[in-house]
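For reference, the structure discussed in these notes is given below.
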Amino acid sequence: MSEKRILVVEDEPSLAEVVSLYLKRAGFQVQIASDGKQAMNILEKQIPDFVILDLMLPEVDGLSLTRWLRDRSDVPIIMVTARREEIDRIAGLEMGADDYVVKPFSPQELVSRVRAVLRRIGRDQAGAESERVLSYDSITINPLSRLVLVRESQIELTAKEFDMLYLLACHPKQVFTRDQLLERVWGGAEYIDPGTVTVHVRRLREKIESDPSSPKHLLTVWGVGYKFEP
């Protein structure tokens, strides 16, 4: 799966470098901003996958930056603070931060908290997806009953066929690699042959496409993976 991009907003250069080092070792891409204004300039160009920011920052403080960012994005935020007063931590959470750590802290603990927030958000998104009925052209997919209608006729899918179809259909036009599909549908089990994805795509085409040899919905993006075309 692609690396998550994290913006670290910290005005203490030594701390920023240590945090960056631990995050990179954990497999994240890291960019550093030394003050709130520089962070805003970066965020206006591209929102990362995660933001770690200090409460006490020059130019624009952490609370103001959190408020500004929440008006534009729901990107997960961990706030770092040297203040131990409960009111400061509550203020950060009420502004929209997902978690906080108090200085001094263990960089490894921070990495663990980043992963915990990402897991929680992933579960929340999966839960939201799992309740949404999808309808495209002649295909209707109901996740609650796990029924699929193609041209108003019910078709029978295995559990994994349904999971793969629903995942792709939840993200129309988005290309998923075989590794990403293995991770999302099979849980990334190492013993699963990547060719399993190809087999399931072929079976799905036979069940939902008018002409499986010339599919209109389950498309191959050569050299990359598969996508659902609505």
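The values are calculated or read from the model by the stated rules, or taken from the named source; none is laboratory data. As the structure is a computational prediction, the values presented were derived from the model and not from experiment. Cβ coordinates were reconstructed from backbone atoms using ideal geometry, including for glycine residues, and neighbour counts include every protein chain displayed.
Of the residues that make up the stretch 163-173, is at least one basic (Lys, Arg), touching a residue at least 40 places away in the same chain (Cβ under 8 Å) and surrounded by 14 or more Cβ atoms within 10 Å (Cβ to Cβ)?
no
In this structure, is Val150 surrounded by 12 or more Cβ atoms within 10 Å (Cβ to Cβ) and at pLDDT 90 or above?
Yes: the conditions hold for Val150.
Exactly one condition in (1) touching a residue at least 40 places away in the same chain (Cβ under 8 Å); (2) surrounded by 15 or more Cβ atoms within 10 Å (Cβ to Cβ) is not met by Val197; state its number.
Exception for Val197: condition (1).
Could you please find all residues in the stretch 19-53 being in contact with a strand residue (DSSP E or B) (Cβ under 9 Å, 6 or more places away or on another chain), part of a helix (DSSP H, G or I) and in contact (Cβ under 8 Å) with a residue 12 or more places away in the chain?
Answer for the stretch 19-53, where residues must be in contact with a strand residue (DSSP E or B) (Cβ under 9 Å, 6 or more places away or on another chain), part of a helix (DSSP H, G or I) and in contact (Cβ under 8 Å) with a residue 12 or more places away in the chain: Val19, Ser20, Leu21, Leu23, Gly36, Gln38, Ala39, Met40, Ile42, Leu43.
Is it true that some residue in the stretch 90-106 is in a helix (DSSP H, G or I), over 16 Å from the mean Cα position of the chain (by Cα) and modelled with pLDDT of 85 or more?
No: zero hits.
Kindly list the number of the only condition in (1) of a type outside the set (D, E, K, R); (2) surrounded by fewer than 20 Cβ atoms within 10 Å (Cβ to Cβ); (3) assigned to a loop (DSSP other than H, G, I, E, B) that fails for Leu57.
In the conditions (1) of a type outside the set (D, E, K, R); (2) surrounded by fewer than 20 Cβ atoms within 10 Å (Cβ to Cβ); (3) assigned to a loop (DSSP other than H, G, I, E, B), Leu57 misses (2) alone.
For residues in the stretch 3-22 being of a type in the set (A, V, I, L, M, F, W, C) and surrounded by fewer than 19 Cβ atoms within 10 Å (Cβ to Cβ), which is farthest from Glu183 (Cα to Cα)?
Only one residue fits best here, namely Leu15.
Got at least one residue in the stretch 136-143 being of a type in the set (Gly, Ala, Ser), surrounded by fewer than 17 Cβ atoms within 10 Å (Cβ to Cβ), at pLDDT below 90 and at negative phi?
yes
For the subset of the stretch 107-128 comprising residues that are at pLDDT below 85 and not hydrophobic (A, V, I, L, M, F, W, C), which member is surrounded by the most Cβ atoms within 10 Å (Cβ to Cβ)?
By that ranking, first place goes to Arg120.
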